[in-house]
Amino acid sequence: MQIAVLTFDGFNELDSFVAAAILNRLKAKGWAAHITSPTPEVTSLNGVTVHRQRPLEFAAEADAVLIGSGVRTRQIAADPAMLARIRLDPARQLIGAQCSGTLLLAKLGLIGALPACTDLTTKPWVIEAGVEVLDAPFVAHGNVATAGGCLASQYLATWMIARLASLADAEQAMHYVAPVGEKEAYVARALAVVTPFLADDLIPGARMAQAAGT
């Protein structure tokens with residue numbers, strides 16, 4: 001599984017790095033989550049500069065895509081040229097967005113009339129884009145999921161692993177990153193949040209992964 005973690009200038013470190021770290025717990029099974037950006041380097045909202053691992057166009061070929069948030073998301077959402085570079089296919093890919101990343105999904109037409117989750121700061125902009133915002137940390141509709149709040153990245157990662165691998169793999173990944181002495185509680189909370197949204201039918205990529213034993 002190849003996963004694009006879309007990361008733009010002004011990005012929130014918790015969104016991109018936490019999700020990528022949890023997803024990369026499945027490296028032994030052939031998974032790789034890549035920091036995917038429109039420029040060779042991007043600088044976070046707190047001044048941390050990182051080198052991208054994949055260009056933005058990689059999102060079109062990835063098995064799954066996560067869109068993190070950042071302080072410049074509104075500018076990106078208003079830039080037709082940038083939006084045109086983000087080519088996603090929910091019929092083939094799992095797609096997740098966090099906080100202001102939900103605004104990008106709305107602008108890309110991937111939410112439609114479905115309710116979504118976002119952070120409190122972004123909420124008015126997402127509503128302005130015509131999307132109903134839920135007072136919840138996570139929601140998924142088929143292959144598209146949204147989350148609200150910096151630490152909700154764990155829910156997007158848990159959902160993605162459960163969909164593309166298994167619940168057992170998701171549980172193990174969360175168990176590893178959870179605080180000592182609270183591991184069972186963290187795992188239970190994550191699974192309680194995402195399991196109501198797990199589809200009975202796996203998407204094609206997941207079927208192939210299971211057939212290959214990954």
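The values are calculated or read from the model by the stated rules, or taken from the named source; none is laboratory data. Just so we're clear, the structure is a prediction, and the values are computed from it rather than from any experiment. Every residue, glycine as well, gets a Cβ built from its backbone with ideal geometry; the counts of neighbours run over all protein chains shown. What goes into the accessible areas is simple: the full protein's heavy atoms, side chains included, and nothing from ligands, DNA or RNA. Shrake-Rupley method; radii C 1.70, N 1.55, O 1.52, S 1.80 Å.
I'd like to know how the range 19-111 sits against the 2.2 N^0.38 Å rule of thumb: what's its Cα Rg over that expected value? Let's see the in-between values first.
Working: Rg = 13.2 Å, N = 93, 2.2 N^0.38 = 12.3 Å.
Cα Rg divided by the expected 2.2 N^0.38 Å: 1.07.
Largest first, how would THR36, THR43 line up by accessible area (1.4 Å probe)? Don't skip to the answer; put the middle values down first.
On the way: THR36 0, THR43 50 Å².
Largest to smallest exposure gives the sequence THR43, THR36.
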- Task: Compute the length gained on full extension between TYR186 and HIS141: take 0.36 nm times their separation in residues and subtract their Cα-Cα distance, giving the result in nm to one decimal.
- Result: 13.8 nm
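Sorted by packing (mean other beta-carbon atoms within 10 Å per residue), highest first, where do 15-27, 146-158 land?
Numbers: 15-27: 21.8, 146-158: 25.5.
The peptides rank, most packed first, as 146-158, 15-27.
Could you tell me what fraction of 2.2 N^0.38 Å the Cα radius of gyration of the chain comes to, as a two-decimal ratio? Present the calculation step by step, with values, prior to reporting the outcome.
On the way: Rg = 15.8 Å, N = 214, 2.2 N^0.38 = 16.9 Å.
The reported ratio for this selection is 0.93.
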- Enter the Cα centre distance for the pair the range 112-187 and the range 22-64, rounded to the nearest angstrom. 18 Å
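In deg cm²/dmol and to the nearest 500, what is the mean residue ellipticity at 222 nm of the chain if only DSSP H runs of at least 4 residues count, each as -39500 (n - 2.57), divided by the residue total?
Details: 9 runs with 72 residues, N = 214.
Per the formula, -9000 deg cm²/dmol.
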- Query: With contacts defined as alpha carbon pairs under 8 Å and 6 or more residues apart, what's the relative contact order of the chain in percent?
  - Reply: 18 percent
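For the range 82-161, state the average projected area of the convex hull of the C-alpha atoms over all orientations, rounded to one decimal in nm². Walk me through the numbers before you get to the answer.
On the way: hull surface 19.9 nm².
Spelled out: convex hull of the Cα atoms, projected over all directions, averaged, 5.0 nm².
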- Item | Listed peptides 75-84, 61-70, 93-102, 5-14 by packing density, highest first (mean Cβ within 10 Å) | 93-102, 61-70, 5-14, 75-84
- Listed residue (VAL133, ALA188, PHE11) projecting farthest to the positive dipole end of the chain, Cβ model: PHE11
- To one decimal place, what orientation-averaged projected area in nm² is obtained for the convex hull of the Cα set of the range 138-184? 3.5 nm²
- Query: Using a probe of 1.4 angstrom, how much of the accessible area of the chain is carbon and sulfur, in percent?
  - Reply: 55 percent
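Need one number for the range 1-51: average projected area of the convex hull over its C-alpha atoms, nm². Show your work: numbers first, answer last.
Details: hull surface 13.0 nm².
Mean orientational projected area (the range 1-51, Cα hull): 3.2 nm².
May I ask you to derive the relative contact order of the range 60-118, considering only C-alpha pairs under 8 Å and at least 6 residues apart, and to give it as an integer percent?
Values: 65 pairs, mean separation 25.3, N = 59.
Relative CO of the range 60-118 lands at 43 percent.
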- The answer for the chain, accessible area per residue at 1.4 Å probe in Å², is 44 Å²
